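Worksheet: the structure to be examined is printed underneath.
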Amino acid sequence: MPSVEIPLEKWTGQVHQVTLGAGGRKTVTVGGENTLPYLHFDGTIPNKTAVAIEIQDIAPADWSPTLLKAWGDVVNDPATWAKKAVEYGAEAILLNLKSAHPDEGNTGIAEAKAVTDKILSAVDVPLIVIGTGVADKDNEILPAVSEAARGQRIAIGNCEEKNYRTVVAVCIADGHIAIPSSPVDLNLAKQLNILLTDAGLPIDAILMDPTTGALGYGLEYTYSVMERLRMAGLGGDKLTAMPIINNVGEDAWKQKEAKVAQGLPESWGDMETRGIIWEEQTAISLMQAGSNLVVLRHPQSVAKVGAAITKLMG
Amino acid sequence: MALTGVQIYKFLPKTNCKECGFPTCLSFAMKLAQRATELGACPYVSDEAKSNLEAASRPPVRLVTVGVGEKKIEVGNEVVLFRHEKTFVHPAGLVLRVKDSDADAVAKAKEAAAYSVERVGINMYLDGIAIENDSKDAAKFAKLAADVKAATDVALILMSSDTAAMKAALEKVGEDKPLIYAATADNADAMIELAKKYSCPLAVYGNGLQEVADLTEQAAKAGVEDLVIDPATRGYADSLDALTQIRRLAIKKSFVALGYPVITFPGEGAESIDDEAMLAGMHIAKYASIIVLDNFSPAVAYPLLTARLNIYTDPQKPIQMAAGVYPLGDPKADSVLCVTTNFSLTYFSIAGELENSGYPSHLLVCDTEGLSVLTAWAAGKFDAEKIAKAVKEFKLPDTLSHKKIILPGGVAVLKGDLEDELPDWEILVGPREAMAIGSYLKQNWS
Ligand code: B12
Ligand code: SF4
């Protein structure tokens, strides 16, 4: 009889360990594993995948009715919303500075600073703040956010080729983590990580965002680029070994499957269930490819994905 | 370890007679190493060489067929651990389990088997029904098998540990080549006999990989090689470990005794419907070949079928459309004209919305090498020049009575350039998301 000997995969590298939260806040540490996702028999996985909930600084105008129903009135006040999110199990809050976008209200430095302050005092979990994605605007508001959160080790994005200098400078000055985002490409992700570290940002102050494609909308590309990044990192390339953050909620809930209530084929089934499953499937798939921090929107997904993570940690 | 071309070459006759269809023994050996041909193509390999080469010429995961006809399930033949290394080949079969203790079993089977949903022009459906002998009554089991066979056209799995019940069911549906589930250490001899007698694929269930390997070895020795394996893991962590180890042994070690498709039962390790769906989703990504679900609803089946479509898409070539002008809803010369790229997901997103908008339209599809709107734009493959060229190439100025074209909102920046390229045209910027095109047309198209 053939005897089964499990071939172990021993990697030379490991994912950098990154800790969010400091200065009296709760902390969340991600990364640190020296194996592919959840393969405990191959190596060690010191930290589990963390789950954050996204909130916005203004009541969302374009969110799926399924989400708005789940959250109710709290979306009108970011601080109340953040507290509720922590009750629902958020280990970190992602604050989306939606109102600062030139097309969404174009609020400025004062508003960005005020809402950051507000969330920091409302909850004690780590904070992630995402700007508008418009480089010039982000260069204006993100330094204010950083200053407001000095010493509390928040994570700040978007950090792209066009604005990385500003983000890196404020992260170094105020002790924060930068979130470089690159468009579904291993080399571009690495290149941006090089720019950040060359500019002096410590390697354990980076959470990389490889761009999330939702289920049915580019998931397979994100999945494979993440697997490749992870394998390169474990293979010893320190500049691809950053922990990965996926903004799953944002991409999953903008799709028709999660958003549209009427005029759909019967074969799509119940809208609420479908939307939640859409988010959960995107999360579980990307977790298999190496996600270290998933950002979600629906309370039910937070509970179910959180439970799945606990089970995957064995 | 799989053999390299040079290692294989050592076992060949080295006469370069070309009968295998390759110019030299060496080139044949190279193809064999890539698993692109069969050892049997060379008539001159010695028996000794044959047995040495068996491991190298056999696909690392055996191709197994369950069922007959159009809706048979073909699984296995996978050659990589990670989809980016090449591609995953045979999409995991998604199957619903019904029990012979459930009065609604036939109705449930019928509903699931009749389910189908279209995505990017592909018709997706559930692949089979598993019938479980929960009642422990052989006659009931056989009857349900016969009823499900009559009511559906999908592949069947027969689930019973009782060989008499299995035999009774096989008498009714054996000709449809159902998967016999399962041979265990206790009943292996009898189950193997049944699989042989009815020429059906056989699942083996073992606690731990060694027990599974011993059972497959026993079956293979007895001549039953169309096997599917169940390592008896039901949770997240244990099933991920087992499925990864099985695939790794098969592919990296050419470990024949575990080189078979794997069957999983996510419902057994789940606490809720969401949980079952997530575990199934994990199994789609990580190495299950047949996934037996305990719950069916369209709202869950559709995402799972989509996940499977994503994971099993060939990473080398995006699914794409031919460039051209597509008529949607019988358009006339004065109907709406929209432009998009030829990534099929992009095409079907906007085409579907236009069809439902109540506005018959012409959809101009530019060749962007299968890239989505923003990706193509960022890669310089969807610009004003290209759109203008397509407008002319497909003779739109001749066939239309107007000169108005709607751009995807995501590439609003192209408006100015396109006005330069098509000076007598009116360039409209549509919404970013396809789902908003209907209301956009209501407000902006007269
Ligand atoms: C998957 C993906 C890829 C895949 C390619 C997938 C493909 N076949 O196109 C890969 C990994 C190859 C890739 C590569 C690149 N990508 Co890319 N990619 C994505 C991703 C994750 C999803 C894209 C997708 O499939 N969307 C789904 C389809 C259906 O969307 P769509 O075509 O836009 O269609 C929608 C609408 O536009 C609308 N619509 C379509 N047609 C029409 C027509 C009309 C009239 C109207 C009104 C509406 C409409 O309907 C659809 C549904 O609403 C996005 C980010 C994201 N999460 O969206 C980045 C993204 C598009 N990529 C980006 C970039 C920069 C690139 C690269 C250039 C990076 C690089 N420098 O290498 C390369 C270019 C490729 C090359 N050189 O060949 C950027 C674009 C930035 C920008 N805004 O300009 C994005 C937005 C990521 C980011 N945030 O930076 N990418
Ligand atoms: S048929 Fe056999 S002997 Fe002839 S060239 Fe091919 S491999 Fe060599």
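The values are calculated or read from the model by the stated rules, or taken from the named source; none is laboratory data. Every value quoted in this text rests on a predicted model; they were computed, and no experiment measured them. No Cβ is skipped: glycine too gets one built from the backbone with ideal geometry, and neighbour counts run over all protein chains shown. Heavy atoms of the whole protein, side chains included, go into the accessibility calculation; ligands, DNA and RNA do not. Shrake-Rupley method; radii C 1.70, N 1.55, O 1.52, S 1.80 Å.
For this structure, a couple of remarks:
- Filtered residue count, segment B:8-39, keeping only those that are more than 8 Å from ligand 2 (Cβ to nearest atom), part of a helix (DSSP H, G or I) and out of contact with any helix residue (DSSP H, G or I) (no Cβ under 6 Å at 6 or more places or on another chain): 2
- Complete set of residues in segment A:222-250 that are more than 8 Å from chain B (Cβ to nearest Cβ) and open to solvent by 20 Å² or more (accessible area, probe 1.4 Å): A:Ala232, A:Gly235, A:Gly236, A:Asp237, A:Lys238, A:Leu239, A:Asn247, A:Glu250
- So A:Leu219, is it within 10 Å of another protein chain (Cβ to nearest Cβ) and either open to solvent by 10 Å² or more (accessible area, probe 1.4 Å) or within 10 Å of ligand 1 (Cβ to nearest atom) (or both): yes
- Wholly within segment B:176-256, strands (runs of 3 or more DSSP E) carrying at least 2 residues that are acidic (Asp, Glu) and more than 9 Å from every other protein chain (Cβ to nearest Cβ): none
- Any hit, segment B:298-306, residues being in a strand (DSSP E or B) and among the polar types (S, T, N, Q): no
- Taking each residue of segment B:35-48 that is under 17 Å from B:Leu63 (Cα atoms) and looking for partners that are loosely packed, with under 15 Cβ neighbours inside 10 Å with beta-carbon atoms closer than 9 Å, six or more apart or interchain, yields B:Thr37/B:Gly21; B:Leu39/B:Lys50; B:Leu39/B:Glu54.
- Criterion applied to B:Lys177, B:Lys197, B:Lys221, B:Lys143 was being under 29 Å from the mean Cα position of the chain (by Cα) and among the charged types (D, E, K, R), and the one residue passing it is B:Lys177.
- Listed by position, the strands (runs of 3 or more DSSP E) contained in segment A:11-97 that have at least 2 residues being at pLDDT below 95 and touching a Phe, Trp or Tyr at 6+ places or on another chain (Cβ under 9 Å) form an empty set.
- In segment B:281-292, the residues that are over 14 Å from the mean Cα position of the chain (by Cα) and within 10 Å of chain A (Cβ to nearest Cβ): B:Met282
- Among residues of segment A:138-157 being free of Cβ contacts under 8 Å to residues at least 60 places away in the same chain and of a type in the set (S, T, N, Q), the one that is most open to solvent (accessible area, probe 1.4 Å) is A:Asn139.
- Within segment B:189-209, the set of residues being more than 25 Å from B:Glu74 (Cβ to Cβ) and either hydroxyl-bearing (Ser, Thr, Tyr) or crowded, with 18+ Cβ neighbours inside 10 Å (or both) is empty.
- Highlighted here are the helices (runs of 4 or more DSSP H) found entirely within segment B:352-446 that include at least 2 residues which are in contact with a strand residue (DSSP E or B) (Cβ under 6 Å, 6 or more places away or on another chain): B:373-378, B:384-393, B:414-421.
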